[in-house]
Every structure is written in structure tokens, then in C-alpha cells.
1. Per residue of A:39-50, what is the mean number of Cβ atoms on other protein chains within 10 angstrom of that residue's Cβ?
2. Report the per residue volume, in Å³, of the convex hull enclosing the C-alpha atoms of segment A:49-130.
3. What angle do you read, to the nearest 10 degrees and between 0 and 90, between the alpha-carbon axis of helix B:43-52 and the longest principal axis of chain B?
4. Rg over Rh of the protein assembly as shown, using C-alpha atoms and the Kirkwood radius, what does it come to?
5. Nearest 20 debye, what's the magnitude of the dipole of chain B about its Cα centre given +1 on Lys and Arg Cβ and -1 on Asp and Glu Cβ?
6. Rounded to the nearest 500, what is the 222 nm mean residue ellipticity of chain B from helices alone, with -39500 (n - 2.57) per DSSP H run of 4+ residues and division by all residues?
7. Regarding segment A:1-67, what's the average projected area of the Cα-atom convex hull, expressed in nm²?
8. Inside 10 Å of the C-beta atoms of A:1-9, what's the mean count of C-beta atoms belonging to other chains?
Amino acid sequence: MDERNKQIAYKVIAIMYFLTFFAIVSILLYRQFVLRQELSDYEDIAIILTINSLFLISALLYFGAIPIRRLKVKRILLIYVVWVVVGSLFTYAYNNIFQSPGLSFKQLFDKFIIIVAITGIIMGFWILLSILGKKRLDKELE
Amino acid sequence: MENIKLKIARVEKGLSQQDLADLVSATRQTIGLIEKGKYNPSLNLCIKIAKILDRTLNDLFWYETKE
């Protein structure tokens, strides 16, 4: 296997990975919103998919596939806020628009706190990996 | 863009595409595609090929663009 074979193999594997990924996401959304299945029916697939995508982004950040020249606090905060807002809106829509009776304000607030915390933890993890990845590359350049 | 320079250098050295491929640990198809200009080899592979053919990278892979 020479470099061209490897390049083709990597490309095909990457395309197949994303096709599989989007197929599973589509199936999950279909089961969730069309078939109205319980979360417990597809929880295992959802967990695998979530962990998989989190690790994918982590690896891309650590190995330098996502170019980050400097970590800007303003941009990080913006991404964090957008993520929290989208997550909160999705949670609200899922629980109070697509299902009835919806959640009470207290229950929604509890979920909001979870979204804020988990988003913070994930972003903190990614920032840490970005810093470690950058250090690793700087070390290689020494 | 076809790489005639590489093809000429290989033939002058008396090597077939398969011979060159074996010497640089590549496949015949890869050498063929490089000569046809349909695959951009890595710098490492370019250097290996240049060394085997006793040429410089400029001799094999540089071409002037028409103004």
C-alpha cells in the first residue's frame, strides 16, 4: 500500500464514516419525532453517537486538524452562549411543544442548569485539548 | 498536466514503471498517474524518485508557467 492507496482509503473511510453518522442521526430523529419512541428505546445509540462526535472533535483539535492560531475569549464565549441557547431552545421545543403536558418552569430551569454545566464541561475539555495539542506541535517544532 | 520529464528520465534510466515503483515502494499505478499528471505525489516520494533517477526535483517536477 503506497501513499496514494492510503490517501484514497482515508478519503473513502472518512466519507463512509460521515454517511453512517448522518444516517444514524436521521434514524434517531425519525424515531424521536415521527415514531415518538421513548428515549430508552434508542438511548444506547444516542450515547454512542454523542461520545463518538465528542471524541471526533477532541481528536481533530488535539492533532491540529482544526487550525487555531489563538484562543480568543470573546469567540469562545460566543460559541458557548450560542450552544447554550440552541440547546435550551431544543429542550424547550422537545418537551413543551412536541409533548404534552409540557414541563413546569422549575423542571425546565433544572434542565437549563444541566445544559449550562455540560456545555461548559465539554468546552473546557476542548479548550484544554486545543492547548495540549498546540503545545505538542510547538514541541515537535523545537 | 502530463509529466513528460519524469517519463523521459525513467526511460533514459532503462526502468519500467513497475521497476521504478518497486524501487520507491510505490505501486505501478501511482507512477503511471504521476506521469499522467493525475496524482500529486508527496515531497518524500518526489525525493525518492529524483534520487533513483539521479535527477533533481527541479529536473523532474518543475515547469514554467506560460505568461
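Here, each number is a calculation from the coordinates, and none is a lab measurement. Please read these numbers as outputs of a predicted model, since none were measured by experiment. Cβ coordinates were reconstructed from backbone atoms using ideal geometry, including for glycine residues, and neighbour counts include every protein chain displayed.
1. 0
2. So the per-residue Cα hull volume is 99 Å³.
3. 70 degrees
4. Answer for the protein assembly as shown: 1.18.
5. My answer is approximately 140 debye.
6. After summing the helix terms and dividing by the residues of chain B, the value is -16000 deg cm²/dmol.
7. It is 5.9 nm².
8. The mean count of partner-chain Cβ atoms within 10 Å per residue comes to 5.
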